[in-house]
Amino acid sequence: MEVTVKSVKAADLKCDAAVFCVFDDKKMSKILEDFDHHSMISALLRTKEFKGDFKDIDHIHLHQNIKKLILISLGKKVDFNANKLREIAVAATRYAKGMKLTSFHFIYEGYDKITDEEAGQVLAEGFILGEYKFDKYLAKKPDDTELSNVIINVLQGSQKSVENGAKTAEIVTDHMIFVKDLINEPPSRKGPEVIAERAIALCKKNKVKINVWDKKKIEKEGMEGVIGVNAGSVKEPRFLVVEYNNAPGNPIVLIGKGIVFDSGGLQLKPWNYMLDMKDDMSGAATVVGAINLMAALNMKVNVVGLAPVTENLTGGNAYKPGDVLKTYNGKTIEIGHTDAEGRVVLADALGYSRNFKPKAIIDMATLTGAIVVALGYEFAGLFSNDDKLRRALLEAGKHTDEQLWHMPLIPKHTEMIKGKLGDVKNVGSTEGAASSSTAAAFLQEFVPEKTPWAHLDIAATAFIKEPNGVSGEGATGYGIRLLVEFMKRYCN
Ligand code: BES
Ligand code: ZN
Ligand code: ZN
């Protein structure tokens, strides 16, 4: 899919389809009015199907230079913003795909509260993400006609600025698609080695430094958490260390959970809970993708990414409830449940982060089923020991439409994970009381002292069954734009 930006006068426009926007007052712009021969557009705007609600969409056949005219409503003017515009672009793209169009023009007349550059960016992001599909293993593609080109036709405002925005969007979506593809990839086709190879290829492209540790090195470093979780798998683990240093000062360390497939281990998941567990490496993919995006955008930041990558399976050597594992920083973990594996591998990564003397640490993990229950698919859970860090993340999430909700983390939660055989236990109560919070409390035990830290539980937002306003079903790419926006705010 290619997005191009042009400035062709409305009267000279020749195309299969053009998308025009109206607000809920259904007022036509001067340009749109000029196409209202025989009052066909006015008639459409009067139908009861086209109420003018956000994303109401319909079309008429003009049989003129523009063959089909698509109308979409931006909804209420007071509510309209850049995130809504991205959704409009996605909706228009899906509609055009439904019409089997191979290209369309989007008529750009500028928006009051959105700069041309930002509008160009969110529009192009929407067109590209709206077109995204993961169909590489289908011999017969469901889309026989491919929507291959969207033209933003700038009739008001700066073509150059819109173009700059669209260029940024191309870089952003390239990285989002890298992450989405990796998460959508079937579990047996993305063992730790494959994930490492893909990460290396991307880092090479963006000139980002990456070190990949094999099992021997992980053992030597004393990361029994990673080794323990990996023990039930025939595929050896990897530990990724990604570094992009383009600014003075201590780095922000980003940590991602990289469970390639989570069967639950010996305490096996019920069949229906296991179905989408290929997505359990979303945190790792997001961290690698986001850091590469920062490099591709030439951001002036200093950032390190850490990702333990392994399967959680049931092989003959699998770790067991009752096991005690010694992690990188010397603390021991008593295994209460083999399905609470994410925090066990993250413990090693958090411990290791101290070597970078981080200014702050953010981990991203599909960590608990309870966060899905608590927050649904619109919010990731945010746990933090630092107000400033939390605020910057919340604001970044609002800005990019990747929302976070502040969750409780109190000393009681830490009490609940105290171990008997080991320093900490990887589950709170077996009934699962506050289990997203006890998971966070567990992670907190491994955060280097006096270091601002935030944990994002993305179990619900990383992978969805029903399309939402921006993402189709499957991997959403949640968190990539959020991390980039966060870095802009926190590091400047
Ligand atoms: N990977 C899962 C959490 C998950 C659930 C991710 C749903 C995506 C969607 C995690 O490893 C897990 O199994 N957590 C358990 C922990 C429990 C055993 C304490 C959970 O939340 O049920
Ligand atoms: Zn699990
Ligand atoms: Zn898991």
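The values are calculated or read from the model by the stated rules, or taken from the named source; none is laboratory data. Just so it is clear, the structure is predicted and the values come from calculations on it, not from any experiment. Note that each Cβ is placed from the backbone with ideal geometry, even for glycine, and that neighbours are counted across all protein chains shown. Side chains are part of the model used for accessible areas, which takes the heavy atoms of the whole protein and leaves out ligands, DNA and RNA. Shrake-Rupley method; radii C 1.70, N 1.55, O 1.52, S 1.80 Å.
Please find, among Ile362, Ile333, the residue that is within 16 Å of ligand 1 (Cβ to nearest atom), at pLDDT 95 or above and open to solvent by less than 10 Å² (accessible area, probe 1.4 Å).
The match here is Ile333.
Among (1) assigned to a loop (DSSP other than H, G, I, E, B); (2) touching a residue at least 60 places away in the same chain (Cβ under 8 Å); (3) charged (D, E, K, R), where does Glu170 come up short?
Single failed check for Glu170: (1).
For the stretch 376-492, which fully contained strands (runs of 3 or more DSSP E) count at least 2 residues that are free of Cβ contacts under 8 Å to residues at least 40 places away in the same chain?
Hits in the stretch 376-492: 404-406.
Given (1) touching a residue at least 24 places away in the same chain (Cβ under 8 Å); (2) out of contact with any Leu (no Cβ under 9 Å at 6 or more places or on another chain), identify the lone condition not met by Pro321.
(2)
Any idea which of (1) farther than 26 Å from Val484 by Cα; (2) more than 16 Å from ligand 3 (Cβ to nearest atom) is the one Gly265 doesn't satisfy?
(2)
Considering only strands (runs of 3 or more DSSP E) fully contained in the stretch 267-368, which possess at least 1 residues that are over 21 Å from the mean Cα position of the chain (by Cα)?
Because the criterion is at least 1 residues that are over 21 Å from the mean Cα position of the chain (by Cα), the strands (runs of 3 or more DSSP E) in the stretch 267-368 that meet it are 302-312, 324-326, 332-334.
Count, please, the residues in the stretch 64-94 that happen to be part of a loop (DSSP other than H, G, I, E, B) and under 17 Å from Ala10 (Cβ atoms).
2
Give me the pairs: first residue in the stretch 35-47 and closer than 15 Å to Phe20 by Cα, second residue hydroxyl-bearing (Ser, Thr, Tyr), beta-carbon distance under 6 Å, and six or more apart or on different chains, which are they?
Taking only residues 6 or more apart or on different chains, the pairs are Asp36/Ser42.
For the subset of the stretch 326-381 comprising residues that are of a type in the set (Lys, Arg) and within 15 Å of Leu443 (Cα to Cα), which member is nearest to ligand 3 (Cβ to nearest atom)?
Arg343
Give the residue, chosen from Ile128, Ile195, Ile152, Ile183, that is buried (at least 22 other Cβ atoms within 10 Å of the Cβ), touching a strand residue (DSSP E or B) at 6+ places or on another chain (Cβ under 8 Å) and not in a helix (DSSP H, G or I).
Ile152
Could we say that Val324 is away from ligand 1 (no atom under 16 Å from the Cβ), aliphatic (A, V, I, L, M) and at negative phi here?
yes
Quick one: in the stretch 212-237, which of the residues that are open to solvent by 20 Å² or more (accessible area, probe 1.4 Å) and part of a helix (DSSP H, G or I) is farthest from Asp262 (Cα to Cα)?
Per the stated criteria, the residue is Lys220.
State all residues of the stretch 241-264 that are in contact with a Leu (Cβ under 7 Å, 6 or more places away or on another chain) and crowded, with 22+ Cβ neighbours inside 10 Å; if no residue qualifies, say none.
Val253, Leu254, Ile255, Lys257, Ser263
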